[in-house]
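Down below is the structure, laid out as structure tokens.
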Amino acid sequence: MAGGATDLWGEWQKHGAQGLSGAQALAGELDRITREGGIASPVTTHRGLSARLRYLNTRPGREILREHGVSARLLRSWERGTRPSAPKLEAVERAYQERRRDNLVRSGALKRLLDNDGRGRRIEIYPVDQTGVDERYRRPNVSERSVQARYVWDDMVDAWGRGDMRTLDEIWDDIITDLDSDYAAYAYVGSIGIGA
């Protein structure tokens, strides 16, 4: 967004509204979509941990593991039967999700899924929670909305892959301008859902 989402709705949290920026919502929803298609067994199980370590058993995967504090020495101790600590299991999960995201972006699979042969995907938009806002400060007539988003997916996935929230914010602005003159009420949202 040219001046940022705050320009569209002022100090939206000042009176107690709860939500997040459209960019944060997009990033969170793309995270959810990629997690759903991954390894089903939790990292806390032997099967889940083994599957993640196999997935990460490449030079880039091992580098990501090291960045998250999982050394080759630690991996060898696990192979000998030492049980990983909860923080190390979380580190493996973060490394797996990071590598999976990188692979999905690089391969174009996520872009193809979301572009849907040019038909795009429907985005359900749930407004910020105003239940804690005094009636006189509530933004009226803000309800759930839906928009069919096309031609934004390649740029969105690339920005998400880079962690580029500014570009995601600009993309969100493009998406909500299709709503109508009250689009500024959706600069911040309670959540979104992408029908993928």
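Regarding Gly120, is this residue at positive phi and touching a helix residue (DSSP H, G or I) at 6+ places or on another chain (Cβ under 6 Å)? So Gly120 fails the test. Identify the residue in segment 76-86 that is at pLDDT below 95 and either part of a helix (DSSP H, G or I) or among the charged types (D, E, K, R) (or both) and, among all such residues, is most open to solvent (accessible area, probe 1.4 Å). Among them, the one singled out is Arg80. Among the residues of segment 87-102, just one is farther than 20 Å from Arg162 by Cα, open to solvent by 30 Å² or more (accessible area, probe 1.4 Å) and in contact (Cβ under 8 Å) with a residue 40 or more places away in the chain, namely Glu90.
Restricted to helices (runs of 4 or more DSSP H) entirely inside segment 1-75, those with at least 3 residues that are open to solvent by less than 70 Å² (accessible area, probe 1.4 Å) and modelled with pLDDT under 90 are 5-9.
The values are calculated or read from the model by the stated rules, or taken from the named source; none is laboratory data. Model, not experiment: these values are computed from the prediction. All Cβ positions, even for glycine, are placed from backbone atoms using ideal geometry, and neighbour counts span all protein chains on display. Accessible surface is based on the protein model in full, side chains and every heavy atom, while ligands, DNA and RNA are left aside. Shrake-Rupley method; radii C 1.70, N 1.55, O 1.52, S 1.80 Å.
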